[in-house]
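Quick notes on the structure that follows.
The values are calculated or read from the model by the stated rules, or taken from the named source; none is laboratory data. Only a predicted model underlies this, so the values are computations on that prediction, with no experimental measurement involved. Neighbour counts are summed over all protein chains in view; Cβ atoms, including those assigned to glycine, are modelled from backbone coordinates with ideal geometry. All accessible areas refer to the heavy atoms of the entire protein, side chains included, with ligands and DNA or RNA removed. Shrake-Rupley method; radii C 1.70, N 1.55, O 1.52, S 1.80 Å.
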Amino acid sequence: MLAAMLVGRRRELETLAASLESGKPGLLLGEAGIGKSVLLRAAGEASGQQAFHALCLAGLSWYAYLPIARAIGAEPPWGDPAHVAEWLLGEVAGGMLVLDDLHWADTETVALLPHLVGRVPLLAAIRRGDPGAAAAVAACAEVGFSVLDVNPLPDEDARRIVIGVRDSLSAETVDRIVGEAGGSPLLLEELAHGNGLRTLRLGLRARLSRCSPAAQRSMAILGVLGRPAEPPLAGAGLAELAEAGLLAPGPLAAPRH
């Protein structure tokens, strides 16, 4: 999957490499399944430095410094963020710190950022549309992260992924998969393997579960209608659905996938 997820991502990798070289922290911002985590890992490998991957977990955002403890393999000491940051800098000396799914980070981990920027190579990723994304992006912007949008793949690159997974598919099937996946490398590969429907349902359910009741009602209305609708007909939750990446672009309201 690594090779497939990196198709068409040369620009992103070059930008991350330039960020690391300049000493400025880099932030990837994009929807679920767009390949942010793979890009972080590839950038870390290309840098030649040891990368400490701090993965933030949605269900454990109450646990102080858990992503850091998992990345280092040891519990941070007790103390304020400045003290913990000094300990962390000693642990990752000569390496780089990668904060994945930062929108799910505990407040203590986020509070480390001002004490780390400029002192250790830093990369991070945030899922666009998640309820915690806006606050996480603001925290990164405040300390000088450069933001790189990870956008859906163009059709040409999407076809390369599908054909690379199953070169026996007909041109018509390839085009259908490209249309359904909406430029998501994860969905392109899953649909090409024939596993896409379950993956798509689970992904949509997970993202909808984090939306407000108003947004969930709007998606339910669109589902019942079974067709694109005028925004007033779909209810008050459309803006939130669009921010979560669940709506297709255009004047009418329609689910993206």
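Some values worked out for this structure:
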quantity	calculated
Tabulated pairs, the range 69-82, first farther than 18 Å from Ala51 by Cβ, second of a type in the set (A, V, I, L, M), C-beta under 7 angstrom, 6+ apart or interchain	Glu75/Ala69; Pro76/Ile68; Pro76/Ala69; Pro76/Val84; Pro76/Leu88; Pro77/Val84; Pro81/Ala111; Pro81/Leu112
Identity of the residue in the range 203-223, modelled with pLDDT of 80 or more and open to solvent by 70 Å² or more (accessible area, probe 1.4 Å), that ends up farthest from Ala254 (Cα to Cα)	Pro213
Residues being farther than 20 Å from Pro255 by Cβ, β-branched (Val, Ile, Thr) and touching a helix residue (DSSP H, G or I) at 6+ places or on another chain (Cβ under 8 Å) - total across the range 160-181	5
Those residues of the range 111-142 which are of a type in the set (Val, Ile, Thr) and either open to solvent by 40 Å² or more (accessible area, probe 1.4 Å) or in contact (Cβ under 8 Å) with a residue 40 or more places away in the chain (or both), in sequence order	Val117, Ile126, Val137
Within the range 145-162, tally of residues that are more than 30 Å from Leu112 (Cβ to Cβ), surrounded by 15 or more Cβ atoms within 10 Å (Cβ to Cβ) and in contact (Cβ under 8 Å) with a residue 24 or more places away in the chain	7
Of all residues making up the range 86-98, the number that are crowded, with 21+ Cβ neighbours inside 10 Å and in a helix (DSSP H, G or I)	1
Pick from the range 224-245, criterion open to solvent by less than 40 Å² (accessible area, probe 1.4 Å) and at pLDDT 75 or above, ranking: farthest from Gly182 (Cα to Cα)	Gly235
Members of the range 48-70 that are within 13 Å of Ala105 (Cα to Cα) and either assigned to a helix (DSSP H, G or I) or among the polar types (S, T, N, Q) (or both)	Ala58, Gly59, Leu60, Ser61, Leu66, Pro67, Ile68, Ala69, Arg70
Count - residues of the range 10-34 that are in contact (Cβ under 8 Å) with a residue 40 or more places away in the chain and among the small types (Gly, Ala, Ser)	6
Single unsatisfied condition, Leu39 versus (1) in a helix (DSSP H, G or I); (2) surrounded by fewer than 22 Cβ atoms within 10 Å (Cβ to Cβ)	(2)
Members of the range 8-24 found to be buried (at least 19 other Cβ atoms within 10 Å of the Cβ) and closer than 24 Å to Glu243 by Cβ, listed by number	Arg9, Glu12
Checklist (1) modelled with pLDDT of 95 or more; (2) assigned to a loop (DSSP other than H, G, I, E, B); (3) surrounded by fewer than 17 Cβ atoms within 10 Å (Cβ to Cβ) applied to Pro76, failing item	(3)
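So that you can scan it fast, the table gives a plain yes or no per residue for (1) among the polar types (S, T, N, Q); (2) more than 17 Å from Leu99 (Cβ to Cβ):
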{"position": "Ala18", "(1), (2)": "no, yes"}
{"position": "Ser22", "(1), (2)": "yes, yes"}
{"position": "Pro25", "(1), (2)": "no, no"}
{"position": "Gln50", "(1), (2)": "yes, no"}
{"position": "Arg70", "(1), (2)": "no, no"}
{"position": "Gly73", "(1), (2)": "no, no"}
{"position": "Gly79", "(1), (2)": "no, yes"}
{"position": "Val84", "(1), (2)": "no, no"}
